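Below: one structure, written as structure tokens.
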Amino acid sequence: MDGIKGKFMDLLHKQANRQMIPAMGFSDYFIQNVTENNKTDASSSSKKTSKQDGDECDSAEASSIQKSDQEILESITDIYFQPDSNAEMYELQKVLSNGVDYDLIESTMVQLRTQHKVLSKQVLQNILEQRSACNVEFTAINEIQKDLEESLWTCRKARSYLNYAKQNLTTTSLEILASYRKREILKELLNTLQAIKKLKSTDVEVQKLLSDCNYSGAISLLLSCKDSADEFMQYNCVQSLNKKLQETLLLTEFQLDTVLNEMILNFDMRKYSKLQEAYKLLNKSLIAMDQLHINFISAIHSSVNSVLRGYNDPNIDDNFKLLYEQLCEQVEADKYIPCLISLCKTVWTILSSYYQIVIWHQNYKLYPLDMPDSPDNYIQEKLKKGQSRIWNDILTKISIFLQSSKLRTLKYDQFIQVLSIIQRLKKVGQEFCGENSEKLIETMQLQSEEFFQRYHVCCLEEICLFLDNESWTVVDSFANILQLPEFRSIRHSLRRHKSPPAALMVTNNNTLSVNNSPTSNNNCDELVSVHSQDGGSSIYGSYGYFLRFSEKSSPFDGGLDVAMLEEDILSGIVDEASCYFSEEDSDDEHKSLQSKDYDDSASASANGQQLTVNNTTLNVFRCIGRYLQMCKLLHCISPKIVSSMLELIDFYAYAVHEIFAKDSPVQMETLYPTKLEQKLEYVSQKVVPNIKIWPLNFSSLINNELANPDTLYGLSQRIVAMESGHCMTQQFQILQSYLNHLLPLADRPMLSSYFEYIQFMNDLAKPVYTCVTTRVFDLPAILAMMAKVKWDVNHVSFQHNGYIDIMNRNIQNFAMRLEEIAKDITIPMEQVWNSVAHVATHLLVEGFSNVKKCSAGGRALMQLDFTNFMSILELISNQKFPEHRQYVDIYIKAYYFANEQFEEWILEQKTLEPAQYSTKQLMNLIQCVCVSDKKVRQKLLNLLGSGNGSSSTTANVGSILNVSLSSLTNSATTTSNATATNATTSTISASATSSS
């Protein structure tokens, strides 16, 4: 063995020392010279060859030298590079193919030599270039030889160790190894048995974890046991346990779905977090979210049906299934509002749970943020779409309930409760999903229009009842409409939208803007709903319902009972943005509000005196206050509500006119301006037909008070009626800016046009007071006395006529009666005395126009009588009457006009519209002035009677204040007196419009 080893090593050493590739007779110097002088060697070799081959070879070489080595290499045929080719036969066939051609043979030989030489040179060059790589390869071979020697030594050493082990191992050592192997097998078996035992007890542990709401732990345990069972499926017992685990897993998932369904009505953040962790372990987060939305939709339908069944008749058979619409109709009217509140509370619980689920998923992410196509994105999108769907389902249910016929039968306070509830529900929808709940508002708009139309008629009939039982006395302790409970909820709103004082509104009426909103600086509230019941910008209300309430408490708890209007819906929360303030204001604040904001308007309207109102007027105020509450709660019908407010005021004026302006002894059509006539006509045509109890029976008042001379024909009642109406219009002006704020821009011109003629009560006062003042004087007797006076005197008298004394005495008696009445009520002296002056001056003009002959002295006597009367009238009344004085003065002084000036005056009077004097009065004046000049008289008469306008005016004027002869004349009155009376009536009526 050792000898073989020695020979093998010697052989290796010899091979290592032997040069593997000969140097081929080339030295380094030769290699360098060959590389550098390649061309020189080629030329020298060619010369030697030329000596041997002759001149022909020289010429061939010369031609080959002209070609480059690369071209020569490329010209070599491919057959020389093929291993199995026969190059010799190929060349012979090529040369001898056309016979023996010595020149071709020589040239071919030269070409082959040249190619051989270039190829040899190229091969040599390649060998030289690869020499370094060859050396490196030999070095690597030497290293491998060393490694082989070491490997051989290692093998020999291992063989020696194995031989030693073989000789020294015993049976005991083998037994130890067998025991160790057996122990490992037993340990593995024990682990298997423990795993099987754990699988068997998994069901108990899972139920315990589920009872502790540790859903993720239960799912983790089940999944881990299921994986363990897969490792021991070779055992039959494990196979049965695996089936049981699968069933337990399915039951656990069912229990998870049950708990998930409980989250809809009773959200628990701790449970929900564990549920989501469990669904994540099951890889069913998306499926769970879809199931959650299905449960929400199902909960809405089942919950509302359950609520409605609770308010239905308990005698109805439960087995008889009613549709939701039928269940709504089955709810009784007295249970309608409690049922609506219960519905809102139920849907609030559902919405609150959903809202908290949305917040939970916004705060907690189930999967990593950098995960592509994260399921969290799907969940967020699903929740966002689910908000609108859930809210629309709720709106559908609530809208169907509101379409019930029971809603229209509710009382006002109950309907206001419904509006408040719906307003809060709308706010809930805005906070929940940002929707305006147009479907809900449209439903309430239709219901509100029907309810309000019925309620408005009821209010008109209620006013009729007050009118029928009205005593027409002043109500004490009334200072402002804000002291009425119906206006408590808008006190601060009125303060923010304060209208200018009534006096300023009258003077600056033409300077108001188109929208008639003088408080344009406070139009910031146009950007928000004026009807929000809860805080949008308040300190506490700004947090919204979903942060202020939970699923166990709701915005619909408390404040929604029958006495809701007496309580504060906001419970002390101030809402600047919605113009809503707490109703529970302190008395000091209330007084401060009135004193600072509305004392100016109140003092301007009442001239520093206590406001005059009666019970009917107060009831109109209360109706307006209730209408304003409805405007706040339902903005969509605010134009209809505001228009109805105006109808209430107009109806009061119409009723006062029907009661107190129909008993005049003369006709008074010209005392009515066109706008007043239109207003009364509108009420008569549009409002009165809707009132079933109209006309009322005022016979007792008309026959007793209004026909009693001792009470001045009910003057105190007339004053209370008119001043109450005047107070009503003035107080209503306080609401102008706020009403503008309530109305849309398109409906504001309607309100503006109404306030342009808000002083219609002053125009109505003229015919009402004229019914009394026409009875101050005995019109037929005075006209008869004036007809007996001789007016064609030649001298000027210094003593007035006797009829003036009678008229002065009538004025004195009337003044004393006014003093007695003034002890009880405040009398509008200016209006009353203006009516007296109107009747007296027109009576005098009529008497003067009946004169057939009159001289300059007679005209002076007329002036003397008139001056004496007016001085007494102004002294007693403490008033000035420039318009009425001018009316008589011009008629008297026309007698002194020159012909041209008189003709111009007649033409001017003819063109006046309405006419200041009647045609009969002007004709009598012409005949009296032109008594001696027939030509001028005829010209003026023709000029006066030529126009249709004058004749129509005469006909109209002649029927205005036609005195009822049956009531004013007696049997002793002569025919001339009766004629004079008719003429007087025409005169008084002709000038009524001019004076007004």
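Scanning region 92-108 for residues that are out of contact with any Ser or Thr (no Cβ under 6 Å at 6 or more places or on another chain), surrounded by 10 or more Cβ atoms within 10 Å (Cβ to Cβ) and among the β-branched types (Val, Ile, Thr) gives 105, 108. Inclusion of residue 666 among residues that are under 28 Å from residue 734 (Cβ atoms) and hydrophobic (A, V, I, L, M, F, W, C) is not warranted. Residues in region 896-926 that are of a type in the set (A, V, I, L, M, F, W, C) and either buried (at least 18 other Cβ atoms within 10 Å of the Cβ) or outside any loop (DSSP other than H, G, I, E, B) (or both): 902, 905, 906, 907, 915, 922, 923, 925, 926. One residue stands out among those in region 647-669 that are in contact with a Ser or Thr (Cβ under 7 Å, 6 or more places away or on another chain) and not in a helix (DSSP H, G or I): the one that is most open to solvent (accessible area, probe 1.4 Å), which is 667. Within region 927-947, the residues that satisfy the criterion of being within 16 Å of residue 791 (Cα to Cα) and part of a helix (DSSP H, G or I) are 927, 928, 929.
What are the residues in region 398-419 that are open to solvent by 30 Å² or more (accessible area, probe 1.4 Å) and farther than 22 Å from residue 625 by Cα, if any? Listed by number, the residues that qualify are 400, 403, 405, 406. Among the residues of region 76-91, those identified as open to solvent by less than 60 Å² (accessible area, probe 1.4 Å) and either in contact with a Ser or Thr (Cβ under 6 Å, 6 or more places away or on another chain) or of a type outside the set (D, E, K, R) (or both) are 76, 77, 79, 85, 87.
Would you point out which residue out of 605, 595, 601, 644 is at pLDDT 50 or above, in a helix (DSSP H, G or I) and either in contact with a helix residue (DSSP H, G or I) (Cβ under 7 Å, 6 or more places away or on another chain) or of a type in the set (Gly, Ala, Ser) (or both)? Only one candidate passes the filter, namely 644. With respect to being among the aliphatic types (A, V, I, L, M), surrounded by 12 or more Cβ atoms within 10 Å (Cβ to Cβ) and either over 25 Å from residue 299 (Cα atoms) or at pLDDT 85 or above (or both), residue 357 fits the description. The single condition among (1) modelled with pLDDT under 90; (2) in contact with a helix residue (DSSP H, G or I) (Cβ under 8 Å, 6 or more places away or on another chain); (3) in a helix (DSSP H, G or I) that residue 719 does not meet is (1). So residue 821 clears everything in (1) open to solvent by 40 Å² or more (accessible area, probe 1.4 Å); (2) over 25 Å from residue 670 (Cα atoms); (3) not polar (S, T, N, Q) except one condition, right? Which one? It fails just one condition, (1). Restricting attention to region 670-685, report how many residues are surrounded by 11 or more Cβ atoms within 10 Å (Cβ to Cβ) and either over 20 Å from residue 755 (Cα atoms) or in contact with a strand residue (DSSP E or B) (Cβ under 7 Å, 6 or more places away or on another chain) (or both). Total meeting the criteria: 3. Can you find a residue that is outside any loop (DSSP other than H, G, I, E, B), open to solvent by 20 Å² or more (accessible area, probe 1.4 Å), of a type in the set (Phe, Trp, Tyr) and free of Cβ contacts under 8 Å to residues at least 60 places away in the same chain anywhere in region 305-314? Yes, that holds for at least one residue. Within this structure, residue 114 passes the test of being surrounded by 13 or more Cβ atoms within 10 Å (Cβ to Cβ) and β-branched (Val, Ile, Thr).
Among residues of region 842-853 that are among the β-branched types (Val, Ile, Thr), those with a beta-carbon under 6 Å from a residue that is assigned to a loop (DSSP other than H, G, I, E, B) at least six positions away or on a different chain give the pairs 851/791. Scanning region 751-761 for residues that are open to solvent by less than 60 Å² (accessible area, probe 1.4 Å) and part of a helix (DSSP H, G or I) returns 751, 752, 754, 755, 760, 761.
Within region 860-876, restricting attention to residues that are of a type outside the set (A, V, I, L, M) and free of Cβ contacts under 8 Å to residues at least 60 places away in the same chain, which residue is least open to solvent (accessible area, probe 1.4 Å)? Among residues in region 860-876 that are of a type outside the set (A, V, I, L, M) and free of Cβ contacts under 8 Å to residues at least 60 places away in the same chain, the one least open to solvent (accessible area, probe 1.4 Å) is 866.
The values are calculated or read from the model by the stated rules, or taken from the named source; none is laboratory data. From a predicted model like this one, the values you see are computed outputs, not experimental measurements. Cβ: placed from backbone, ideal geometry, glycine included. Neighbour counts: every protein chain shown. Quick note on the areas: whole protein, heavy atoms, side chains included, nothing else; ligands and nucleic acids left out. Shrake-Rupley method; radii C 1.70, N 1.55, O 1.52, S 1.80 Å.
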